[in-house]
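The structure appears below as structure tokens.
The values are calculated or read from the model by the stated rules, or taken from the named source; none is laboratory data. Given the structure is predicted, the values throughout are model-derived calculations rather than measurements. Backbone-built Cβ (ideal geometry, glycine too); neighbour counts: all protein chains shown. Accessible surface areas use protein heavy atoms only, side chains included; no ligands, DNA or RNA. Shrake-Rupley method; radii C 1.70, N 1.55, O 1.52, S 1.80 Å.
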Amino acid sequence: MRSLFGGAAILALAGMNAPANAADPDFSQYIEITRNAQTTPSWPGPTEPAPAPKNKFIVEISCTHAVEGCKKNSEAIEDVAKRLGWRYKIIVVSDATGFDAAVMTGINAGADGIILNGIDTKLISGGIASAKAKMIPIVSPQLLNEVGPYGVDADVSSDAAEVGKIIAAEAIANHNGKMHVLMLNIAEWQLPARIMKGVKATLDGCSKCQITYATPIDFTSSVIGTTLPQQVVAAIRRDPKINVIIEGIDPMANFIIPALDAAGMRDKVKMYSSLANPGPLQLMREGNVLVADVGVSLKWGVWGAIDQMIRIMNGQPTVHQVVPVQLLTMEVPDSLPAPGTAYTSDASGFAEKYLTLWGIK
């Protein structure tokens, strides 16, 4: 790993095993990107008050809780609903073919608002149309769902291209720009799909790098805990020059890394990802394959999406909101959340800010 100190300090540490790439001017722009990304995010707004209405009933349509992020989002949604004094119902759907019917169930149950957790609006065209007809707001957190007449009424997400740039910059800096990369692509959700586009654009834009690509693995969430780990192992056996694995979000690491360990590949590759869920973070603490994880606060996205829902219920305009992110590595171990917990960016104080805007003590 490179030093976090400036150029003068790097030179002063010349005899102390400072990595060569720490002072390499060819990659200074990427080192700067990662250094800036390691700071705790600050609150960027909104600032306009949105008094929370009373006695509302919201329904969450959730992806399977076998995926860690889906479960964490549901916990955050329920928590916010309780703080608002709203009634709350969750419908968990494991098969994507059942998403549209679940939205209709929520509408028929009398929902005042619907929040989508891991649900792409392209899969619920009927539910979207019915909600629009009944003037029921639909919002989503950290999905980058389309906003408009055929999509959600509001989506609060992180900047996927920025996340991708940070992941790629960290990999470039750590490997001195010399990488043979295996890309793991999940097109099922817009956030990781766009993150991977940001990764590829940044890697391809590095003129000083020597980057080649292995045959990528395209997959869906249904195989994360079944066939995907062995697909990754098989790919490295076929192409042993692979030294970097990049994935858009990190739930897959919980399954892939144990498979790599069992295959004796722990020291052959390094993995880069985002979200910063508890399992992957623990693997990073142990120095086990995963070396960097961009913290994306699912919790902040939930609070922001419900803030937008409140504004819609009040007849107020929605406010553009983007959730900041933070690069987590063992270079700055104090930035990691406590073991067993996900990255939430609670230190930025977003929950208190939203409660103030909503008039909740």
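Between Lys241 and Asn314, take the C-beta separation as r, use R0 = 45 Å, and let me know the FRET efficiency to the nearest 0.05.
About 0.20, to the nearest 0.05.
Which length gain, in nm to one decimal place, applies between Lys197 and Val332 when the Cα-Cα distance is subtracted from 0.36 nm times their residue separation? If you can, show how the numbers build up before the last one.
Numbers: separation 135, 0.36 × 135 = 48.60 nm, distance 2.69 nm.
Fully extending the segment from Lys197 to Val332 adds 45.9 nm.
FRET efficiency for Asp261 and Ser207, Cβ-Cβ distance as r, R0 = 45 Å, nearest 0.05?
The pair Asp261/Ser207 has a calculated efficiency of 0.80.
Is there a pair in Lys197/Lys361; Lys72/Lys165; Lys89/Lys165 whose C-alpha atoms are over 30 Å apart, and which pairs would that be?
Violating the 30 Å limit, Cα to Cα: Lys197/Lys361; Lys89/Lys165.
Straight distance only, please: which aspartates and glutamates reach the Cα of Lys241 with their own Cα at less than 17 Å, same-chain residues fewer than 8 apart left out?
Filter leaves Asp267.
Which residue fluctuates the most in the chain, going by a Gaussian network model with Cα springs under 10 Å, if the choices are Asp293, Asp346, Asp267?
Asp267
At 7 Å along Cα-to-Cβ for each site, give me the label-to-label distance between Ala347 and Lys178 in nm.
Output for this residue pair reads 3.5 nm.
Which percent, to the nearest 5, of DSSP beta bridges fully inside segment 204-355 are antiparallel?
Among the beta bridges of segment 204-355, antiparallel pairing accounts for roughly 35 percent.
About its Cα centre, what dipole magnitude does segment 123-203 give when the only charges are +1 on Lys and Arg Cβ and -1 on Asp and Glu Cβ, stated in debye to the nearest 20? List each step's numbers first, then the result.
Details: 7 positive and 7 negative charges, 37 e Å.
Magnitude of the dipole: close to 180 debye.
Going by amide H atoms built from the backbone, whose H comes under 5 Å of the H on Ile90, apart from near neighbours?
Glu60
Net charge within 15 Å of Arg311 by Cβ-Cβ distance, Lys/Arg positive one each and Asp/Glu negative one each, not counting Arg311 itself?
Values: positive: Lys56, Lys353; negative: Glu48, Asp112, Asp153, Asp155, Asp307.
With Lys, Arg at +1 and Asp, Glu at -1, the neighbours total -3.
Out of Ala305, Gly106, Thr356, whose Cα points farthest toward the positive end of the dipole of the chain (charges: +1 Lys, Arg; -1 Asp, Glu; placed on Cβ)?
The residue sitting farthest along the positive end of the dipole is Gly106.
With n ≥ 4 as the cut-off for DSSP H runs, can you work out [θ] at 222 nm for the chain, using -39500 (n - 2.57) per run divided by the number of residues, rounded to the nearest 500?
Mean residue ellipticity at 222 nm (helix-derived): -11500 deg cm²/dmol.
Choose one answer from Ala173, Ala276, Ala338: the residue with the largest mean-square fluctuation in a GNM of the chain with alpha-carbon springs under 10 Å.
Fluctuation is largest for Ala338.
Can you give me the accessible area per residue for the chain, using a 1.4 Å probe, in Å²?
42 Å²
Run the numbers for Asn36 and Thr97: contour at 0.36 nm per residue of separation, minus the present Cα-Cα distance, in nm.
Here the answer is 17.8 nm.
For segment 99-258, what log10 I(q)/I(0) values come out of the Debye formula at q = 0.09, 0.10, 0.12, 0.14 1/Å, with one point per alpha carbon and no solvent?
For the requested q values the scattering log ratios are -0.39, -0.46, -0.62, -0.77.
Between Ala161 and Ile360, what is the spin-label point distance in nm, taking each point 7 Å from the Cα along the Cα→C-beta axis?
It is 3.3 nm.
Computed from the mean reciprocal separation of all distinct C-alpha pairs, what Kirkwood hydrodynamic radius does segment 204-251 have, in Å?
Result for segment 204-251, one decimal place: 12.5 Å.
What residues have an amide H closer than 5 Å to that of Ser157, excluding those fewer than 5 places away on the same chain, when H is modeled at 1.01 Å from N in the peptide plane?
The answer is Gln142, Val323.
Normalised by the residues of the chain, what does the relative contact order come to in percent, with Cα pairs under 8 Å and at least six apart?
20 percent
Identify which of Gly110, Gly198, Gly69 has the largest mean-square fluctuation in a Gaussian network model of the chain, with springs joining Cα atoms closer than 10 Å.
Top of the fluctuation ranking is Gly110.
If R0 is 22 Å, what FRET efficiency do you get for Thr226 and Ala187 from their C-beta distance, rounded to 0.05? Walk me through the numbers before you get to the answer.
On the way: r = 18 Å, r/R0 = 0.81.
After rounding to 0.05, the efficiency reads 0.80.
Which percent, to the nearest 5, of DSSP beta bridges fully inside the chain are antiparallel? Provide the component values of the computation, followed by the final result.
Values: 4 of 41 bridges.
Given both bridge residues lie in the chain, the antiparallel proportion sits at roughly 10 percent.
Hey, what does the equivalent ellipsoid look like for segment 112-152, semi-axes from the Cα gyration tensor as sqrt of 5 times each eigenvalue, largest first, whole Å?
Semi-axis lengths for segment 112-152 are 15, 11, 8 Å.
So what's the projected area for segment 69-172, the Cα convex hull averaged over all directions, in nm²? Show your work: numbers first, answer last.
On the way: hull surface 30.6 nm².
Spelled out: convex hull of the Cα atoms, projected over all directions, averaged, 7.7 nm².
In the full protein assembly as shown, how much of Ile33 is accessible to a 1.4 Å probe, in Å² to the nearest 10?
Roll a 1.4 Å probe over it and Ile33 shows about 40 Å².
Are there trypsin sites (Lys or Arg not before Pro) in segment 27-57 that DSSP puts in a loop and that have at most 15 other Cβ atoms within 10 Å, and which ones?
Numbers: sites: Arg35, Lys54, Lys56; in loops: Lys54, Lys56.
In loop regions of segment 27-57 (DSSP not H, G, I, E or B), the sparsely surrounded trypsin sites (Lys or Arg not before Pro) are Lys54.
How large is the accessible surface of Lys353 in square angstrom, using a 1.4 angstrom probe and rounding to the nearest 10?
Counting only protein heavy atoms, Lys353 exposes about 100 Å² to solvent.
At a 1.4 Å probe radius, carbon and sulfur cover how many percent of the accessible area of the chain?
Working: 8130 of 15010 Å².
Of all accessible area on the chain, carbon and sulfur atoms account for 54 percent.
Of (1) 176, 51, 32; (2) 58, 51, 48; (3) 66, 43, 35, which is the value of Cα extents along the principal axes in Å derived from the coordinates here?
Identified label for the calculated read-out: (3).
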